[in-house]
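The values are calculated or read from the model by the stated rules, or taken from the named source; none is laboratory data. Small disclaimer: the values here were computed from a predicted structure and weren't measured. Backbone-built Cβ (ideal geometry, glycine too); neighbour counts: all protein chains shown. For accessibility, only protein heavy atoms count, side chains too; no ligands or nucleic acids. Shrake-Rupley method; radii C 1.70, N 1.55, O 1.52, S 1.80 Å.
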Amino acid sequence: MKKVQYDKVRKVQPEYFVYTGTHNTEPVDMQMFVYNDVGFEQYDHVSVERIQKEMHDEKQLQDVIWLNIHGLHQVEIIQKIGALLSVEPFVVSDILNVTRRPKIEELNDILFFSIKSILPDKQKKLRIEQLSFILKDNLLVSFQEKKSDFFAHIRERIKTHSGIVRKKRNDYLLYLLLDAVMENFYITLEYYEDLIEVLMVESKTNENQEVLVRIEKTREELNFLKRSLLPMRDALLSLKTKHSDDDIKAIDHTNHVFFARLHQKSLEILEQIEYDMNTLDSASNFYFSAQSHRMNQIMKLLTAVSVIFMPLTFIVGVYGMNFEFMPELHYKPAYFMVLAAMFLIVVGMVVYFKKKKWF
């Protein structure tokens, strides 16, 4: 698993911004939805100027505005969005630094939320993406590293007025977005459970050491999945346990039940991850036990063969001595008698070992 590496000399000025993810040549794309219970408007490829206009339109102060940003590599655009929302510089820095730990933070009238989305791609490799959300007044801004279809069903619900999304405020929309990201963890777990089932079978039937390597690799990836979800669980727990006198202003108290459901989902996923990791431990232990059992069987066979040949070696050693006067040396049938005795010794020992079930 790739570790986070930091430069030895780091600039710590609050106005210093750098994107730590993978850069690409595609321009940052921004999409905006403006909706209420009556209707909605969708704007594609919007500019910062258009966003500013919609935010300060007095006719839309009661509408919900959802700005979804695809791409973080054009730092100056993210800076402009941060300045437009009047957020602290370190919040913009946290959005651009995709190696940061997921968290929730309330700053005056702004709620900042970050989470990691993890999905296996077509090549069966983990696709890790950090998503950030800023909740302010009637506006919700979501930041994605790359284009994806995580929220396609939410856009469709807004367009078709399905459910209660257009009847609720932007805090409910935040819940829907977080829930969509949480579903990715379930999909990832299903992938790993199928993989673990295969590894369990191979640990019992395959002697190749590659099986153990794959088990350890899968355990590391599950551990990374766990470490990515733990901050999310803690953030949702802090949101769930807020008292009435210190509620987060950006979230209506009637919607706390939805975030409590997200917290419950995070607990379910973490419990399943723990179960899967224990299953991998069992597969690893079974692999080592099977290897030890095979080694014991080989050692038993080799020991039995050695014991069988010990009396034969003794007889051969005796008659290999260079004494001139040995009674049996001049006895004509002696050679055949010794061979017969050696044969009977071997047969007798094999029968005895079989009865004792030593091999």
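Values for this structure:
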item: Largest-first principal axis extents of the Cα set of the chain (Å); result: 126, 45, 38
item: Whole-number accessible area per residue in Å² for the stretch 141-226, which is evaluated in the context of all protein chains at 1.4 Å; result: 45
item: The chain: DSSP helices with Cα axial extent of at least 30 Å and average Kyte-Doolittle hydropathy no lower than -1.0; result: 170-205, 210-240, 256-319, 334-356
item: Cα-Cα over 22 Å, subset of 147/226; 103/146; 116/226; 300/357; 116/168; result: 147/226; 116/168
item: Shape metrics for the stretch 95-230, restricted to C-alpha atoms - Rg then Dmax, Å; result: 18.5, 61
item: Equivalent-ellipsoid semi-axes of the stretch 162-243, from the Cα gyration tensor, Å, largest first; result: 38, 15, 8
item: Highest-MSF residue in the chain out of 136, 103, 204 [GNM, Cα springs under 10 Å]; result: 204
item: For the stretch 34-163: rounded, prolate or oblate by the Cα gyration tensor [a/c cutoff 1.5]; result: oblate
item: Residue with peak Gaussian network fluctuation, the chain [Cα springs, cutoff 10 Å], from 44, 276, 137; result: 44
item: Whole-number percent relative contact order across the chain, with pairs defined as alpha carbons under 8 Å at least 6 apart; result: 14
item: Accessible carbon and sulfur surface of the stretch 246-359 relative to its total accessible area, %, 1.4 Å; result: 68
item: Qualifying aspartates and glutamates (Cα of each under 14 Å from Cα of residue 167; at least 8 residues distant if same chain); result: 37, 63, 252
item: Percentage, to the nearest whole number, of Cα pairs in the stretch 248-304 over 14 Å apart; result: 73
item: Label zone at residue 153, where the point sits 7 Å out along the Cα-to-Cβ direction: the stretch 165-179 residues whose backbone N lies under 15 Å; result: 165, 175-179
item: Accessible-area composition of the stretch 25-99, carbon plus sulfur, in percent [1.4 Å probe]; result: 49
item: Alpha-carbon spread of the stretch 13-68, three principal axes, descending order, Å; result: 42, 27, 18
item: With all protein chains modelled, accessible area of residue 258 [1.4 Å, Å²]; result: 40
item: Area of residue 294 that stays accessible when all protein chains are in place (1.4 Å probe, Å², to 10); result: 60
item: Entries of 332/354; 80/125; 53/80 with Cα pairs more than 25 Å apart; result: 332/354; 80/125
item: Exposure rank, largest accessible area first [221, 328; 1.4 Å]; result: 328, 221
item: Exposure rank, largest accessible area first [358, 66; 1.4 Å]; result: 358, 66
